[in-house]
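What follows is calculated from the coordinates using simple rules that are stated; it is not laboratory data. These numbers were taken from a predicted model, which means no experiment stands behind them. As a convention, Cβ positions derive from the backbone with ideal geometry for all residues, glycine included, and neighbour counts pool all protein chains shown.
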Amino acid sequence: MRSLLINVSSSLIWLKDRRNASHLNLKPENVLNCRGKYKLMDMLCSLENLRKLQPDERYLAPELNGFYLDEVVDVQRCDIYSLGLVLLENITGIRGLM
């Protein structure tokens with residue numbers, strides 16, 4: 001569990017610091033376990049194409065549900081919300097808790 005948190009958090013930090021981007025589609029299907037190291041997959045999402053990708057709303061931060069591009073949204077916090085739900089699901093084994 002600890003390595004899941006550290007590896008995915010590191011990927012989100014890299015996205016923010018190096019690419020000035022956010023994942024916005026973080027869900028268990030986008031986290032790959034590769035020999036005990038977790039890798040974040042599907043990094044092509046952005047605010048502009050969020051509607052086209054139709055992310056899983058169970059893991060989407062509430063402020064991104066029905067958003068409009070002219071609204072100001074702190075997207076880094078949205079990724080943290082999604083990561084929390086992925087961790088909660090990993091701990092409990094129950095899909096789509098929220």
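Brief remarks follow.
- Gain in span if fully extended, D74 to R19, counting 0.36 nm per residue against the direct Cα distance: 18.2 nm
- Additional length obtainable on full extension of the chain from E29 to S3, 0.36 nm per residue less Cα span: 7.7 nm
- Calculated FRET value between S10 and L87, using beta carbons and R₀ = 22 Å, to 0.05: 0.95
- Protection proxy ranking of 14-24, 76-86, 29-39 - average other beta-carbon atoms within 10 Å, highest first: 76-86, 14-24, 29-39
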